[in-house]
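These notes are about the structure you will find just below.
The values are calculated or read from the model by the stated rules, or taken from the named source; none is laboratory data. Given the structure is predicted, the values throughout are model-derived calculations rather than measurements. Cβ atoms come from the backbone with ideal geometry, glycine included; neighbour counts cover every protein chain shown.
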Amino acid sequence: MRGSNRSQRPDSAAFKAFITSGWAPRRTLDVQTSPAASFAAARRAALSARFPGTRLVVPAGPLRVRSNDTDYRFRPHSAFAHLTGSGWDTDPDAVLVLHPVEEGAGDPAGPDDGARTAHHAVLYVRPLAARDTEEFYADARYGEFWVGARPSLDDVTTATGVEARHVDGLRDALAKDVGADGVHLLVVTGADEGVEALVEAIRAEAGLDSEATATTSDQQLTEAEWLERAQAMFRRTDAALVEAVSELRLVKDAYEVEQMRAAVDATIDGFAQVVRTLPRALEHRRGERVIETTFDAHARLEGNTVGYETIAAAGEHATTLHWIRNDGVVRSGELVLLDAGVEVDSLYTADVTRTLPVDGEFTDVQRRVYQAVLDAADAAFAVAVPGARFRDVHAAAMEVVAARLEEWGLLPVSAAESLSPEGQQHRRWMVHGTSHHLGLDVHDCAQARRELYLDGVLEPGMVFTIEPGLYFKADDLAVPEEYRGIGVRIEETCW
Ligand code: GLY
Ligand code: MN
């Protein structure tokens, strides 16, 4: 009923009879099996192995209100996209459920071997409403007249390879056999509050605590026993599922790498277009917007959209790490920093940064800072090999940064002292980290355990950024004037 106080839609029986009749049979949609479907099946199999006997709930998420009866453009939760292989065209409110079944009686573990998992996946979706319903013509949020025809249950199964059922059956399906001695229920939180509330209600009805935790009152246990019990209890919490779906994405499969390469290629083309538009940016009162909109238009044309808000920062704005207002002037003689990525239709994103002299020529001090950042990136790339630790990449970049700052006389201590944990003065001019995993989210795998992320070991298939920078704010009295207002970042993808 959103916006109903201004609705002028007729309510007469004659109108209803007329608008719901006289339609040709629905055209069958030309639905193909997604190239991601078999990869998504393998990802579900890996998740299944981590949670035997547990029902796993992965919501796509609802539409989110922008204001009144207007919603934001829908994007499914990344865990849902990963585990179904669905992209931008997923419908809101869908829920993927992995139902526990007997060991070996579930879905195939992979396309080639005969092994089977211990879960059966079902997608609960809202199928297309019939034309004799009010939803057809009167529902601005879901109706075919307003947002177009949704796929049928069969279409969903064809596209994903997953059995599809009506979302109306979700509650009963989630509640089946749930109990202390029965099935446990876990939900990926942060995607859909309604589904989370439903899971909570089912747990409460079944007499299950929502948060089981080990307590230190288990005094009689040895430390190892206590730890084992705590871990077993943790595996029964939603946080464990959130962690697992994040960690599942640390190593990308062949489909993901292909999609991310396409995202990077499209992003490179977008940067080339921005360079061609710099003369226009110099003339416009909001030159940064010329840069932003050139890139964003390209992202919409060639992909789904941008993977995060484009940062188009001229001059001293480049010293604000996430400058997304992008309303500044672009002046001759300045550097301009562009941090942007195309998100392709499968929802994988690139994340690239370049810092360019607007007129094509660096000043001496701009070149000095730029070269230091480039050398830091090169040093980081040199150590980013399988077997190295993720944190070593950052350390390699920081060694170069600290050495250059010492050379320029900017550090109040030696580079060695600054690099020690007690020092870190060099971080005044680069407060962010050097790397983050990249994928469906620009900051991918953010819920992975520290021992697998920051303290983790690099493996083939991991995709992450290397993005050192140096940022001297315009009012930084700790540096000579010539450095003030210069911000440089260079960001590349490490495969
Ligand atoms: N490119 C934006 C970020 O990594 O935070
Ligand atoms: Mn980044």
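Cβ contacts < 9 Å: first residue free of Cβ contacts under 8 Å to residues at least 24 places away in the same chain, restricted to the range 425-452; second residue within 11 Å of ligand 1 (Cβ to nearest atom) and not in a loop (DSSP other than H, G, I, E, B), any location; separation 6+ or different chain. Result?
Note: pairs meeting the criteria are 443/437.
Output the number of the condition that residue 271 fails; it satisfies all remaining conditions of (1) closer than 24 Å to residue 441 by Cβ; (2) free of Cβ contacts under 8 Å to residues at least 60 places away in the same chain.
(2)
Got at least one residue in the range 350-360 being away from ligand 2 (no atom under 16 Å from the Cβ) and farther than 23 Å from residue 267 by Cα? Walk me through it before giving the result.
If we filter the range 350-360 for residues that are away from ligand 2 (no atom under 16 Å from the Cβ), which is where we start, we get 356-360.
Add one more test, that the residue is farther than 23 Å from residue 267 by Cα, and what stays is none.
The answer is no; no qualifying residue exists.
Among the residues of the range 78-92, what is the count of those that are farther than 16 Å from residue 162 by Cβ and modelled with pLDDT of 95 or more? I'd like the intermediate steps shown before the answer.
Looking only at the range 78-92, we keep the residues that are farther than 16 Å from residue 162 by Cβ, and these are 78, 88, 92.
Keeping just the survivors that are modelled with pLDDT of 95 or more gives 78, 92.
Count: 2.
From the list 264, 251, 245, 257, which one is of a type in the set (Val, Ile, Thr), at pLDDT 95 or above and within 30 Å of residue 314 (Cα to Cα)? Outline the logic, then answer.
On the way: 251 fails: within 30 Å of residue 314 (Cα to Cα); 245 fails: within 30 Å of residue 314 (Cα to Cα); 257 fails: within 30 Å of residue 314 (Cα to Cα).
None of the other options fit; the residue is 264.
Restricting to the range 436-452, count the residues that are within 16 Å of ligand 2 (Cβ to nearest atom) and either assigned to a loop (DSSP other than H, G, I, E, B) or touching a Pro at 6+ places or on another chain (Cβ under 8 Å) (or both). If you could, list the steps in order and put the result at the bottom.
Let us first name the residues in the range 436-452 that are within 16 Å of ligand 2 (Cβ to nearest atom), namely 436-446.
Okay, now just the ones that are also either assigned to a loop (DSSP other than H, G, I, E, B) or touching a Pro at 6+ places or on another chain (Cβ under 8 Å) (or both), so 436, 438-446.
Of the residues in the range 436-452, 10 are within 16 Å of ligand 2 (Cβ to nearest atom) and either assigned to a loop (DSSP other than H, G, I, E, B) or touching a Pro at 6+ places or on another chain (Cβ under 8 Å) (or both).
Somewhere in the range 445-465, is a residue buried (at least 23 other Cβ atoms within 10 Å of the Cβ), within 16 Å of ligand 1 (Cβ to nearest atom) and farther than 20 Å from residue 395 by Cα?
Yes, the range 445-465 has at least one match.
Taking residue 381 as meeting all but one of (1) within 16 Å of ligand 1 (Cβ to nearest atom); (2) hydrophobic (A, V, I, L, M, F, W, C); (3) more than 18 Å from residue 319 (Cα to Cα); (4) surrounded by fewer than 22 Cβ atoms within 10 Å (Cβ to Cβ), write down the number of the exception.
Here residue 381 meets the rest and fails (1).
Would you mention how many residues in the range 3-30 are among the small types (Gly, Ala, Ser), assigned to a loop (DSSP other than H, G, I, E, B) and out of contact with any Asp or Glu (no Cβ under 6 Å at 6 or more places or on another chain)?
First, the residues of the range 3-30 that are among the small types (Gly, Ala, Ser): 3-4, 7, 12-14, 17, 21-22, 24.
Keeping just the survivors that are assigned to a loop (DSSP other than H, G, I, E, B) gives 3, 7, 12, 21-22, 24.
Right, trim to out of contact with any Asp or Glu (no Cβ under 6 Å at 6 or more places or on another chain) and you get 7, 12, 21-22, 24.
Qualifying residue count, the range 3-30: 5.
For the condition in a loop (DSSP other than H, G, I, E, B), away from ligand 2 (no atom under 14 Å from the Cβ) and within 30 Å of the chain's Cα centre (by Cα), what is the one hit in 423, 461, 433, 487?
Values: 423 fails: within 30 Å of the chain's Cα centre (by Cα); 433 fails: away from ligand 2 (no atom under 14 Å from the Cβ); 487 fails: in a loop (DSSP other than H, G, I, E, B).
Going through 423, 461, 433, 487 in turn, the sole match is 461.
Spot the failing condition for residue 472; the list is (1) crowded, with 23+ Cβ neighbours inside 10 Å; (2) within 15 Å of ligand 2 (Cβ to nearest atom), and only one is missed.
For residue 472, the failing item is (2).
If you go through the range 396-419 one residue at a time, do you hit one that is within 16 Å of ligand 1 (Cβ to nearest atom) and surrounded by fewer than 19 Cβ atoms within 10 Å (Cβ to Cβ)?
Checked the range 396-419: no residue is within 16 Å of ligand 1 (Cβ to nearest atom) and surrounded by fewer than 19 Cβ atoms within 10 Å (Cβ to Cβ).
Within the range 306-352, how many residues are under 13 Å from the mean Cα position of the chain (by Cα), crowded, with 23+ Cβ neighbours inside 10 Å and part of a loop (DSSP other than H, G, I, E, B)?
Adding up the residues that qualify gives 8.
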